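What follows is a set of notes on a single structure, which appears directly below.
The values are calculated or read from the model by the stated rules, or taken from the named source; none is laboratory data. All figures in this text were calculated on a predicted structure; none of them were measured in a lab. Glycine gets a Cβ as well: all are built from the backbone with ideal geometry, and neighbour counts include every protein chain shown.
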Amino acid sequence: MTSMTLDSSTGHAPDAGKPKLDAPKGIGALAFFAGVMTAGLAYMAFSLYQDISSAGTPATTWLPFILLGVAMLIALGFEFVNGFHDTANAVATVIYTHAMPANVAVVWSGFFNFLGVMMASGAVAFGIISLLPVELILNVGSGAGFAMVFALLIAAIIWNLGTWALGLPASSSHTLIGSIIGVGLANQLYNSNSGTSGVDWSKAIEIGQSLLISPVFGFIAAALVFLTLKILVKSPELYAEPKGNKPPPLWIRAVLIATCTGVSFAHGSNDGQKGMGLIMLILIGCAPTAYALNRAIPAGDVDTFRKTAIAASAVIDQKALGYSIIGDPRQNVTRYVSNRTIDDSTFPALSALNKEIVKQIETFGHPSKYPAAIVGNARNDMYLASEAMKHIFKADKKEEKIFTAEDLKVMTAYKASLDDATRFIPFWVKVVVALALGLGTMVGWKRIVVTVGEKIGKSHLTYAQGASAELVAAATIAAADVYGLPVSTTHILSSGVAGTMAANKSGLQMSTVRNMLMAWVLTLPCAILISGTLFVVLRQVF
């Protein structure tokens, strides 16, 4: 009988079935990588120049454009770090089951991350933005607005790099949301009397629940999928550890590659949107004439917008009958967005605000024709009206007595038109974010791949375990994308691997599980602390 020495850190043979992770990098690959990155940055610069020039943005000082360039690079840097931080989620299982060589797997994953970003709906992007203080969203071009964007992006990059250096699969989504909350709390210290200066806690709780539930769901669902496979599929090779570096049977290999592809695509479609949303805030703050309103709306849709605005105005005016408003209606609507309590001033204020929106549509027509002097305020009016209607719809759903069915249909169509005008993502933004995330998946991936592949379970990952974890991750992220919720690919996949290990009675390496849980618990408070501190410092700088 042959004896085999076990690795004390993993519980299985140190070289049994381990993949080759240190493939040499040829000069051609490096040149291709650098070429694509350079082309992407050049495309971004050209698109910015073209958009700003065509919009006729007045250049009284170069400072906003310098800030724009720096902020864009930091935002793309966040997506790049997000790429290599989260690559392990998609490729660890195919690498450790030898379904794909490591160097092929990361390029494959990068390509489908790219496609995922390009096919993204945009719902998650604006779900993230709605977490930010309304005050800062409406004044994103102010010093406080710039401090907000820089603070939350830099804080997220710092924490992601720190956990990556330790090889811990922490969540980029969790990190970004913690950074946003930190900015909101810090901003509230400056404006304690303003209800719109802090965090939208209802949205934060909704997103927080999705982040807390997703790893638990990943653990249980992956375990159930694995156990179901054992009942339905009796092929012993599916549940065996890889033999040396031999690839799995063809059908198993196809399943593993398909699940890797699904996770990569879903990760791109969900995580890529977070960068898109923040880049849109940067663009609106630095070049409002070009980006505050959607200048690419088809001409035919503008007439639809005008008609829905007039129809909605009649509904709102009817609700406002018998009440009057004193002062600026924007302040009253903003107060409602903050406290969500409908009072005697809510509909009169919304009516007055809506009349201004209708007047601007009828005066200027297409968003591209709005004068530079008013485009920022026009966008804020539309954004405020849309946010107010969102909360009124929620109240209507609870009380079922604010609108008739027909009126609700009119108001819903109007809100959709407002969102088309203010919540949009230019094609070139999708392209550069997709390139940053896709290229990021191809570097720095080894640390966390090793953790997921070797250090969660005490035995080597089997084919069925890898497929089960990835299938659950892809399905969960795709569902979250449909509902506009940012979930953690990292949490779902790594907890899914742990779930399959538990279901197979393979045993878990508790030191790794403990470190992962600690990183997950600390991510939110640490991100809040870092971003809040940076915001306070940067408020003084700007």
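It is to be established whether one or more residues within the stretch 86-93 are surrounded by 24 or more Cβ atoms within 10 Å (Cβ to Cβ), in contact with a Gly (Cβ under 7 Å, 6 or more places away or on another chain), assigned by TED's automatic domain parsing to the domain that holds VAL452 and under 15 Å from GLY466 (Cβ atoms). Checking the stretch 86-93: at least one residue is surrounded by 24 or more Cβ atoms within 10 Å (Cβ to Cβ), in contact with a Gly (Cβ under 7 Å, 6 or more places away or on another chain), assigned by TED's automatic domain parsing to the domain that holds VAL452 and under 15 Å from GLY466 (Cβ atoms).
Out of curiosity, is SER386 in contact with a helix residue (DSSP H, G or I) (Cβ under 7 Å, 6 or more places away or on another chain) and at pLDDT 90 or above? Yes. Considered as a group, the residues in the stretch 499-527 that are modelled with pLDDT of 85 or more and closer than 26 Å to GLY272 by Cα include one that is surrounded by the most Cβ atoms within 10 Å (Cβ to Cβ), and that residue is ALA527.
For the stretch 234-283, a tally of residues being basic (Lys, Arg) and without any contact (Cβ under 8 Å) to a residue 12 or more places away in the chain returns 1. Scanning the stretch 207-228 for any residue that is out of contact with any helix residue (DSSP H, G or I) (no Cβ under 8 Å at 6 or more places or on another chain), of a type in the set (Gly, Ala, Ser) and modelled with pLDDT under 75 turns up nothing. All of (1) modelled with pLDDT under 80; (2) assigned to a helix (DSSP H, G or I) hold for GLY484 with one exception: (2).
Looking at the stretch 381-402, which of its residues are under 22 Å from SER338 (Cβ atoms) and outside any helix (DSSP H, G or I)?
The one that is under 22 Å from SER338 (Cβ atoms) and outside any helix (DSSP H, G or I): ILE402.
Go through the stretch 294-317 and give me each residue that's assigned to a helix (DSSP H, G or I) and among the small types (Gly, Ala, Ser). Please lay out each step first, then the result.
Of the stretch 294-317, the ones assigned to a helix (DSSP H, G or I) are 299-317.
Within the stretch 294-317, ALA299, GLY300, ALA309, ALA311, ALA312, SER313, ALA314 meet the criteria.
When the criteria are applied in full, ALA498 fails the requirement of being assigned to a helix (DSSP H, G or I), small (Gly, Ala, Ser), over 16 Å from SER171 (Cβ atoms) and assigned by TED's automatic domain parsing to the domain that holds GLY244.
Taking (1) aliphatic (A, V, I, L, M); (2) over 27 Å from the mean Cα position of the chain (by Cα); (3) surrounded by fewer than 21 Cβ atoms within 10 Å (Cβ to Cβ); (4) more than 30 Å from GLY376 (Cα to Cα) in turn, LEU408 satisfies each apart from (4). The condition (being in a helix (DSSP H, G or I), modelled with pLDDT under 90 and crowded, with 23+ Cβ neighbours inside 10 Å) is satisfied by just one residue among VAL375, VAL433: VAL375.
Condition check: of a type in the set (S, T, N, Q) and either in contact with a Leu (Cβ under 9 Å, 6 or more places away or on another chain) or surrounded by 24 or more Cβ atoms within 10 Å (Cβ to Cβ) (or both). Does THR451 satisfy that?
Here the answer is yes, as THR451 does meet what is asked.
Within the option set VAL104, VAL36, VAL70, being at pLDDT 90 or above, among the hydrophobic types (A, V, I, L, M, F, W, C), assigned by TED's automatic domain parsing to the domain that holds TYR463 and surrounded by fewer than 19 Cβ atoms within 10 Å (Cβ to Cβ) holds for one residue only, VAL36. Somewhere in the stretch 483-496, is a residue of a type in the set (A, V, I, L, M, F, W, C) and over 21 Å from ALA105 (Cα atoms)? Looking for residues that are of a type in the set (A, V, I, L, M, F, W, C) and over 21 Å from ALA105 (Cα atoms), one finds at least one in the stretch 483-496, hence yes. Only residues that are of a type in the set (D, E, K, R), within 30 Å of GLN50 (Cα to Cα) and in contact with a helix residue (DSSP H, G or I) (Cβ under 9 Å, 6 or more places away or on another chain) were counted across the stretch 278-330, and they come to 3.
Among the conditions (1) modelled with pLDDT of 85 or more; (2) farther than 24 Å from HIS460 by Cα; (3) not β-branched (Val, Ile, Thr), GLY83 misses just one, which is (1).
Residues that are under 18 Å from ASP396 (Cβ atoms) and touching a residue at least 60 places away in the same chain (Cβ under 8 Å) within the stretch 320-339 comprise VAL337, ASN339, listed in sequence order.
For the structure I just gave you, tell me whether GLU241 is surrounded by 15 or more Cβ atoms within 10 Å (Cβ to Cβ), farther than 22 Å from PRO426 by Cα and either within 30 Å of the chain's Cα centre (by Cα) or not aromatic (Phe, Trp, Tyr) (or both). Taking the combined requirement at face value, the residue satisfies it. Of all residues in the stretch 123-152, none that is within 18 Å of PHE424 (Cβ to Cβ) and not assigned by TED's automatic domain parsing to the domain that holds ILE530 has its Cβ atom under 7 Å from the Cβ atom of a residue that is surrounded by 24 or more Cβ atoms within 10 Å (Cβ to Cβ) and of a type in the set (S, T, N, Q), 6 or more apart or on another chain.
Close Cβ contacts (under 6 Å, 6 or more residues apart or on different chains) running from residues in the stretch 342-353 that are part of a helix (DSSP H, G or I) to residues that are hydroxyl-bearing (Ser, Thr, Tyr) and buried (at least 21 other Cβ atoms within 10 Å of the Cβ) comprise THR346/TYR336.
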